[in-house]
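These notes concern the structure reproduced below.
All of the numbers you see were taken from the coordinates with simple rules; none came from a lab. Remember, it's a predicted structure, so these values are computed and weren't measured experimentally. Note: ideal-geometry Cβ built from the backbone for every residue, glycine included; neighbour counts use all protein chains shown.
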């Protein structure tokens, strides 16, 4: 059974792996991509009665960790000629 984080302020939002792309705002997470992340153990998951469940909070954290900050200005203005 999945361990619940006792110190976590956010409630768990467990969704079956096959239904993540149906959730509003998660259309980018295709089933194939999610299966690959789970297989590579890059994304936390729970397996309950043969179903793989993914926490949407973990997906949010995964996406935020991959965020690249914006540069200060347009790319063309930083070049010096």
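Number of residues in the range 15-67 that are assigned to a helix (DSSP H, G or I) and surrounded by 12 or more Cβ atoms within 10 Å (Cβ to Cβ) equals 20. Here the range 43-66 is the region considered, the condition is being closer than 14 Å to residue 25 by Cβ and without any contact (Cβ under 8 Å) to a residue 12 or more places away in the chain, and the residue that is farthest from the chain's Cα centre (by Cα) is 64.
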